[in-house]
Amino acid sequence: MTEPPVKPLDDREARRSADAERSFQYFTPAKRRASIYEDVTIDTQPSPRRHMDRGWQLSFDGVHGVWSDDSTLLEVADWYAFRDPGGWWERPYYQAGSQYERQIEGAVRQANADHLFDDFNPDWIEFLRSNLQVPAFVQHGLWLAVAAAGRDTLADSITHAVVMQAAVKQRFAQSMVLYALDLEPHFGPMPIEPARDRWLEHPAWQPARDYVERLRTVLDWGETLVAVNLCFEPLVGVLIQRELGMRAASANGDSVTPTIGRVAQLEWQWVNEWTGTLMGMVLGDEQHGERNHEIVAGWIADWMPRAMDAVGALSGMVDELPVRIDFDASWKRTRADAQAVYENAGVAEMVGAPA
């Protein structure tokens, strides 16, 4: 007996069927309808509170499940309520990364065509030879800490943001090394060894090195995000990327190197925005917000003095610039912008008045 032929859906029926499938939601979207970001991100990470009624089927030590609530001291009623305001998932992440890489490649290509490398101050070239790749070690250390934190976060939407931030840090580190190779046809060898030695020994970099190395001793992923995104990046990161990477380069006749700093600053803005959203959820939680406030304040009190030590030491790099920049003005700009970060994250009172 043959099956009767299946009648194809007309356009209106097909649209109604698709709408019915789209209207089925096992999570609450941020807006009336779920975005593509939410469709491909939310509930990709399991939880016994949402998906399993008999607890974790696997545990690493007989006690802790695949993900464990004690991976952070922070508590939130529903970690899965977090949404990245930028809506980044794999596709937009790679699209943005490709665009940023094209900006750097285009800047180098056009500099070759327009002979812009001829404008570099000879003393600035030697400064680059010793210092250009030092920030790659900073970024690599941040990548290591943030990537480790990404494993333990308690919601898929947070995990996505954290691991993409880690990837951004590694891409930035690689961009510095690749750019040094781009400079070699013009200025001769740009080996990484002098930068490594400076990272390990130069007084200007030791507090920053101590900071990123200490991050690897932190087991609490919440503390890692506070230490990196609220204490280090708004101050030390911006000083390196914008003031030394952009302003100092421009002051020394270098119109090409600032492109890397601009890309880093664009990526930092995305991190800043989702960190503010996450902190708003953590500090605003009805049941746990007050205790979370005390925990975050304690972390900031521990890490912020170390970040300030790194800032103070970096001022020594200004003395080595062939054409110096006004470090006091750089610090004033950086601190003012950081204050906006703290206010957005709801931690301005914990940080205190600008120094």
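What about Asp152, is it charged (D, E, K, R) and free of Cβ contacts under 8 Å to residues at least 24 places away in the same chain? Against the criterion (charged (D, E, K, R) and free of Cβ contacts under 8 Å to residues at least 24 places away in the same chain), Asp152 does not qualify. Within the range 271-281, the presence of a residue that is closer than 16 Å to Ala248 by Cα and surrounded by 16 or more Cβ atoms within 10 Å (Cβ to Cβ) is excluded.
Restricted to the range 49-83, and to residues there that are under 18 Å from Thr28 (Cα atoms) and in a loop (DSSP other than H, G, I, E, B), the residue that is modelled with the lowest pLDDT is His51. What tally of residues in the range 189-240 results from selecting those that are charged (D, E, K, R) and over 30 Å from Glu273 (Cβ atoms)? Final tally of qualifying residues: 5.
Tell me, yes or no, whether the range 112-122 has at least one residue that is more than 20 Å from Trp270 (Cβ to Cβ), modelled with pLDDT under 95 and in contact with a Lys or Arg (Cβ under 9 Å, 6 or more places away or on another chain). The answer is no, given that none of the residues of the range 112-122 is more than 20 Å from Trp270 (Cβ to Cβ), modelled with pLDDT under 95 and in contact with a Lys or Arg (Cβ under 9 Å, 6 or more places away or on another chain). Each residue in the range 97-138 was checked for being closer than 26 Å to Val212 by Cα and among the aliphatic types (A, V, I, L, M), and 5 of them qualify. Within the range 188-200, at least one residue is within 25 Å of Glu105 (Cα to Cα), modelled with pLDDT of 95 or more, crowded, with 23+ Cβ neighbours inside 10 Å and not acidic (Asp, Glu).
Checked against (1) more than 30 Å from Asp78 (Cβ to Cβ); (2) modelled with pLDDT under 95, Asp156 passes all but a single condition, namely (1).
Put simply, of Gly289, Gly253, Gly261 the only residue that is without any contact (Cβ under 8 Å) to a residue 24 or more places away in the chain, within 26 Å of Phe127 (Cα to Cα) and surrounded by 15 or more Cβ atoms within 10 Å (Cβ to Cβ) is Gly261. Out of Ala107, Ala136, Ala161, Ala147, one residue alone is among the hydrophobic types (A, V, I, L, M, F, W, C), touching a residue at least 24 places away in the same chain (Cβ under 8 Å), out of contact with any Gly (no Cβ under 8 Å at 6 or more places or on another chain) and farther than 17 Å from Gly245 by Cα. It is Ala161. Report yes if Glu233 is surrounded by 17 or more Cβ atoms within 10 Å (Cβ to Cβ), modelled with pLDDT of 95 or more, of a type outside the set (A, V, I, L, M) and closer than 21 Å to Thr257 by Cβ, otherwise no. Considered against the rule, which asks whether it is surrounded by 17 or more Cβ atoms within 10 Å (Cβ to Cβ), modelled with pLDDT of 95 or more, of a type outside the set (A, V, I, L, M) and closer than 21 Å to Thr257 by Cβ, Glu233 comes out as yes.
Yes or no, residue by residue, for (1) touching a Gly at 6+ places or on another chain (Cβ under 8 Å); (2) polar (S, T, N, Q):
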| position | (1), (2) |
| --- | --- |
| Asp210 | no, no |
| Leu215 | yes, no |
| Leu219 | no, no |
| Cys231 | no, no |
| Pro234 | no, no |
| Gly237 | no, no |
| Gln241 | yes, yes |
| Gly245 | yes, no |
| Ala249 | yes, no |
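Return a yes/no flag: does the range 144-167 have any residue that is β-branched (Val, Ile, Thr) and within 30 Å of Pro189 (Cβ to Cβ). No, the conditions are met nowhere in the range 144-167. Here Leu266 does not qualify as in contact (Cβ under 8 Å) with a residue 24 or more places away in the chain and either crowded, with 17+ Cβ neighbours inside 10 Å or in contact with a Pro (Cβ under 8 Å, 6 or more places away or on another chain) (or both).
The values are calculated or read from the model by the stated rules, or taken from the named source; none is laboratory data. Quick caveat: nothing in here was measured; it's all calculated off a predicted structure. Heads up, the Cβs are rebuilt from the backbone with ideal geometry, glycines too, and the neighbour counts pull from every protein chain shown.
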